[in-house]
1. For the range 83-95, indicate whether the set of residues that are of a type in the set (A, V, I, L, M), touching a residue at least 40 places away in the same chain (Cβ under 8 Å) and farther than 13 Å from V37 by Cα is non-empty.
2. Where residues in the range 31-60 are in a helix (DSSP H, G or I) and of a type in the set (D, E), which of them is nearest to the chain's Cα centre (by Cα)?
3. Please state which of the following conditions L33 fails to meet, knowing it meets all the rest: (1) modelled with pLDDT under 95; (2) over 18 Å from A102 (Cβ atoms).
4. Suppose we filter T11, T82 for residues that are loosely packed, with under 12 Cβ neighbours inside 10 Å, modelled with pLDDT under 95 and either assigned to a helix (DSSP H, G or I) or not polar (S, T, N, Q) (or both); which single one remains?
5. Out of S114, S62, report the one residue that is closer than 17 Å to V41 by Cβ and of a type in the set (S, T, Y).
6. Just to be sure before I move on: is Y94 over 15 Å from the mean Cα position of the chain (by Cα), surrounded by 12 or more Cβ atoms within 10 Å (Cβ to Cβ) and of a type in the set (F, W, Y) in the structure I sent?
Amino acid sequence: VDDLRNKRVYTLTDAGRAALEKWMATPTDQPVLKHPVMMRVWLGHLADPERLRELLAEHQASVATLRDDAETAALAADEAYTYPALVNRWAARYYQAELDLAQALLDDLADLDSGALANDSSSDQT
């Protein structure tokens with residue numbers, strides 16, 4: 001089966017290119033953190049601590065898949081798609097950072113359970 005048969009191909013018009021160039025020259029907005037897992041942790045005092053750990057483990061598994069997919073896409077990109085490949089490399093690093101942050105949060109939850117977090121004045125404040 002021809003893969004292109006089921007796909008719509010778009011062409012960038014001169015007017016569309018001009019609009020994109022204008023948009024590219026405008027300042028960007030700051031990213032907005034809208035994170036359903038972190039919202040649940042933020043409300044953790046209303047939740048079962050074990051469920052929070054399960055949510056974080058599920059999140060890690062999902063993010064690991066996203067990271068792996070981004071790495072695969074970056075490696076598979078041909079020369080014509082250099083910039084999309086760079087974005088995929090960035091995405092892989094972003095997802096790895098998300099994994100690291102989720103693990104740090106799991107560690108913080110373990111410290112909270114043991115009482116160590118309340119006594120630790122050297123914890124990250126970022």
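1. Residues of the range 83-95 of a type in the set (A, V, I, L, M): 85-87, 91-92.
Still in the running and touching a residue at least 40 places away in the same chain (Cβ under 8 Å): none.
Within the range 83-95, none of the residues are of a type in the set (A, V, I, L, M), touching a residue at least 40 places away in the same chain (Cβ under 8 Å) and farther than 13 Å from V37 by Cα.
2. The initial filter retains those residues of the range 31-60 that are in a helix (DSSP H, G or I), namely 36-42, 44-46, 49-60.
Next, only the ones that are of a type in the set (D, E) stay: 50, 54, 58.
Values: E50: 24, E54: 19, E58: 14 Å.
Across the range 31-60, the extreme among qualifying residues is E58.
3. Looking at each condition in turn, L33 falls short on (2).
4. Details: T11 fails: either assigned to a helix (DSSP H, G or I) or not polar (S, T, N, Q) (or both).
Only one candidate qualifies: T82.
5. Working: S114 fails: closer than 17 Å to V41 by Cβ.
Of the residues listed, the single one that is closer than 17 Å to V41 by Cβ and of a type in the set (S, T, Y) is S62.
6. On the way: over 15 Å from the mean Cα position of the chain (by Cα): no; surrounded by 12 or more Cβ atoms within 10 Å (Cβ to Cβ): yes; of a type in the set (F, W, Y): yes.
So Y94 does not fit the description; no.
The values are calculated or read from the model by the stated rules, or taken from the named source; none is laboratory data. From a predicted model like this one, the values you see are computed outputs, not experimental measurements. A quick note on method: Cβ atoms are made from the backbone with ideal geometry, for glycine too, and the neighbour counts reach across all protein chains shown.
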